[in-house]
Amino acid sequence: MTTNASYRVGLIVPSSNVTMETEVPALLRAYEKTADATFTFHGARMRMKKVTAEALLAMDKEGATCAAYLADAQCDVQAYACLVALMVQGARAHEAVAERLHAATAESGFAAPIVTSAGALVDEIRAAGYSRVSIIAPYLPELTKIVVKYIEESAGVEVIDAISLSVSDNCEVGRLEQRNLVDIASTRLNVNGADAIVLSSCVQMPSLHALKPAEDKLGLPCLSAAAATSRSILRSLNLDPAIQGFGSFLAQPQEVLQ
């Protein structure tokens, strides 16, 4: 790890993903305004265009190679940013994937902690103390069911309701209007009894600028896969994960969480 409070963040993303490299840097740039830390961002891509179980599993096989390449750049932390590619592999599959990618970084000569968006989402939900959530997903219904099962089994929480937007083309997922999420959450999603709303359970579906408006309208903390990943990146660097300006979930300081 660097000693001048400047950190290199590696992002391992599907080849068709554009949102992770937009939202995570935006959140960490916001973090820079209130913390003695700066970040640079370095990407590696795994081939994937269609969001199907078969394509996701094929893509995941490229993850270790990407981790090794980013280790050559001596990144201080690497984030594996495809949530459902790990969730299709069964409960807490992110732990084995993180170990595999970490081993690849060590073999390449610069061992780095690995954050996965799947692990970040379930672990940050649990750390925040949420026991019941409602979610919005861009996936086809069969993949959304896998996400719901993974969240319930890996985080130990109840998913009250889940809406599938049924978009299988990953490029089109990246073009979805995030402002629509506020209306979807307020008019179509059942949030009765929920502790929080996962406004985007996909690192490709944009939601950053809808988090606070949705919270203001519904009165519930709103999070996303990218928001959870950003907090986990900060934790892995032993930094307080509170990020201001995007709602109460992201603003939670380290000491609040158990």
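The values are calculated or read from the model by the stated rules, or taken from the named source; none is laboratory data. Here the structure is a predicted model, which is why all the values come from computation and not from measurement. When we count neighbours, we look across all protein chains shown, and the Cβ atoms used for this are built from the backbone with ideal geometry, even at glycine. Ligands, DNA and RNA are stripped out before the accessible areas are found, and what is left, the full protein with its side chains, is counted by its heavy atoms. Shrake-Rupley method; radii C 1.70, N 1.55, O 1.52, S 1.80 Å.
Structure summary
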quantity: Packing-based ranking, highest mean first, of 218-227, 195-204 given that Cβ atoms within 10 Å are counted; calculated: 195-204, 218-227
quantity: Residue-normalised accessible area of segment 216-258, expressed per residue, 1.4 Å probe, Å²; calculated: 38
quantity: Thr187 accessible area, assembled protein chains, probe 1.4 Å, Å²; calculated: 110
quantity: Candidates per trypsin sites (Lys or Arg not before Pro) in segment 105-196, loop by DSSP, up to 15 other Cβ within 10 Å; calculated: Arg175, Arg179, Arg188
quantity: For segment 218-258 and segment 30-109, distance of Cα centres in Å; calculated: 20
quantity: Carbon plus sulfur fraction of accessible area for segment 1-96, probe 1.4 Å, in percent; calculated: 52
quantity: The chain: antiparallel DSSP beta bridges as a percent of all, rounded to 5; calculated: 5
quantity: Burial ranking of peptide ranges 116-122, 163-169 (average Cβ count within 10 Å, highest at the top); calculated: 116-122, 163-169
quantity: Spacing of the two label points (7 Å from each Cα toward its C-beta) at Ala103 and Glu153, in nm; calculated: 2.2
quantity: Val191 - accessible surface, heavy atoms, 1.4 Å probe, Å² rounded to 10; calculated: 30
quantity: Sites Glu95 and Asn238, calculated FRET efficiency, Cβ-Cβ separation with R0 22 Å, nearest 0.05; calculated: 0.60
quantity: Theoretical gain in end-to-end length, Lys33 to Lys50 [0.36 nm per residue, Cα-Cα removed]; calculated: 2.4 nm
quantity: For segment 135-258, the Rg and Dmax computed from alpha carbons only, in angstrom; calculated: 14.1, 40
quantity: Carbon + sulfur, % of accessible area of segment 112-258 - ligands and nucleic acids excluded, 1.4 Å; calculated: 47
quantity: Of the trypsin sites (Lys or Arg not before Pro) in segment 10-108, those whose Cβ has at most 13 other Cβ within 10 Å and which sit in DSSP loop; calculated: Lys33, Arg47, Lys61
quantity: Rg to Rh quotient for segment 179-240, alpha carbon positions, Kirkwood Rh; calculated: 1.02
quantity: Heavy atoms of Asp123: accessible area, 1.4 Å probe, square angstrom to 10; calculated: 50
quantity: Expected 222 nm ellipticity per residue - DSSP helices of 4 or more, -39500 (n - 2.57), all of the chain, to 500; calculated: -13000 deg cm²/dmol
quantity: Rg over Rh [alpha-carbon atoms, Kirkwood Rh] for segment 64-195; calculated: 1.03
quantity: Lysine-lysine proximity count for the chain, Cα under 21 Å, sequence distance 8 or more or distinct chains; calculated: 5
